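The values are calculated or read from the model by the stated rules, or taken from the named source; none is laboratory data. Model, not experiment: these values are computed from the prediction. Ideal geometry is used to build each Cβ from the backbone, glycine not excepted, and the neighbour counts take in all protein chains shown. Just the protein is used for accessible areas: all its heavy atoms, side chains included, with ligands, DNA and RNA removed. Shrake-Rupley method; radii C 1.70, N 1.55, O 1.52, S 1.80 Å.
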Amino acid sequence: MPSRTLHYAIIITFLSGIFLPLFFVHNKKESPLEKRELAPFPLERQDRQNLATFLLKFEAFYNDHFGFRDALVYAYSWLNMQLGFSPSSKVIVGKEGWLFFTGGRAVEDYRGSRLFTEAHLKRWKAHLETKYYGLKAQGIAYVFVIAPNKHTIYGEYLPDRIKKAGDKSRYDQLIEYMRASEVPILDLRPALYAAKEQDRVYQKTGTHWNRLGASRAQYTIVEYLSKIYPEIRPVRYDRDAFSWKMIKGQDLAHMLYLQGELQEHESILIKRPSNCKITRFNKRRFYAVDCPREYDVKALIFRDSFFTFLQPYISQYFSKSIYVWERLSEFALLEEHVKKFQPNIVIEEIAERFLKSYKLTSPLPENELFFRIWQNRIQGEK
């Protein structure tokens with residue numbers, strides 16, 4: 001039988017595990033491991049009426065601040081990874097160290113399990129054509145760019161349990177449906193498929209393409225724009241233009257709290273485009289880039305996180321680029337920025353995983369030009 005000493009040791013260990021964190025509660029404002037603000041201590045005056053609210057807030061505070069929390073979170077994540085499991089429902093652990101994001105219907109996109117209906121595709125067509133013809137009437141070019149999910153380009157590294165349900169994705173559907181339309185939808189997949197045969201073009205531990213992948217994407221975009229403005233000449237960056245260095249894990253590794261453990265090689269452009277000035281209006285969400293050019297072509301760009309690595313390439317082609325990190329689903333937003341900045345080109349970029357959730361709005365009567373064109377497009381579909 002176990003000795004009394006062993007019994008005492010088990011009891012002491014158990015009680016220590018319960019009570020020790022209480023003695024090391026801290027009041028830090030941010031977690032260096034999770035990279036987020038922690039719940040503050042509730043300081044408002046308490047009475048019987050808001051006691052329940054106080055208890056909920058105190059629980060949130062304690063859950064974020066009890067002793068050894070970061071160490072325990074890290075240990076939990078590390079152990080799960082060693083056993084081949086993902087410690088987060090937001091991340092899939094793939095083959096050979098590849099991580100994949102589960103959010104934004106990205107897995108659903110890869111599998112092709114839920115496709116657009118005919119009615120949804122017609123709505124897409126009317127929405128995009130309204131933007132295209134409304135801007136064209138003002139002498140402004142419009143381009144719609146879809147950034148492929150990592151799953152689409154590197155699906156071979158997904159776990160074998162994730163299988164395709166069909167031959168088409170929503171990306172395929174939209175590209176095929178819009179072929180008969182004048183709206184330019186740039187399909188970046190062929191360029192990225194070709195480039196991956198020689199180099200890795202997406203991050204292994206992140207959701208996005210790397211700088212080398214972004215260089216291939218920008219060439220496809222600017223090659224099309226050069227047909228409208230011949231003075232714009234796309235620059236091709238070959239393999240020698242990049243070096244590789246080891247960096248900490250990217251956003252998916254952060255979600256697992258293992259950014260220090262899950263490192264990867266990143267492509268670095270040796271000679272970055274320069275002589276451009278950045279003016280920030282709202283940190284990274286809204287800013288302008290001015291580049292001295294012998295021609296005056298301005299671009300208004302609505303973007304998401306995929307454009308972070310595209311920006312240094314794209315800005316060099318325009319005398320002024322205005323970047324708006326916002327979904328361009330509202331025509332009032334488009335009209336407001338067009339009036340303010342008077343661009344020659346409007347680029348709308350969206351990640352593939354957001355196609356399903358994109359809000360296909362119609363213009364309001366006060367957006368007179370777009371409203372008239374939209375009515376004509378809708379009537380033409382009936």
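Taking every protein chain into account, the 1.4 Å probe leaves D187 with about 40 Å² of accessible area, to the nearest ten.
Shown for the range 184-242: the carbon plus sulfur share of the solvent-accessible area, taken with all protein chains present and a 1.4 angstrom probe, equals 45%.
Note on K95 and K164: the model spin-label points, each 7 Å out from Cα along the C-beta direction, lie 1.5 nm apart. Rounded to 0.05, the FRET efficiency of the E197 and T5 pair, given R0 = 56 Å and the Cβ-Cβ distance, is 0.30. Summing Lys and Arg as +1 and Asp and Glu as -1 over all other residues whose Cβ lies under 14 Å from the Cβ of W209 gives a net charge of +2.
With each label modelled as a point 7 angstrom along the Cα→C-beta vector, the I268-E176 pair spans 4.4 nm.
Once the 1.4 Å probe is applied to the protein heavy atoms, the range 212-278 comes out at 56 Å² accessible per residue. Rolling a 1.4 Å probe across the protein heavy atoms gives the range 320-380 an accessible surface of 45 Å² per residue. At an R0 of 25 angstrom, the distance between the Cβ atoms of Y295 and K136 translates into a FRET efficiency of 0.75. When both the range 234-292 and the range 161-195 are represented by their alpha-carbon centers, they are found 26 Å apart.
Looking at the range 153-228, how many pairs of lysines come closer than 29 Å at the Cα, when each pair is eight or more places apart or spans two chains? Qualifying lysine pairs in the range 153-228: 8.
Heavy-atom accessible area for E197, with the other protein chains in place and a 1.4 Å probe, reaches approximately 140 Å².
Take the solvent-accessible surface of the protein heavy atoms, probe 1.4 Å, and return the percent of it on the range 277-382 that carbon and sulfur atoms account for. It is 48 percent, rounded to a whole number.
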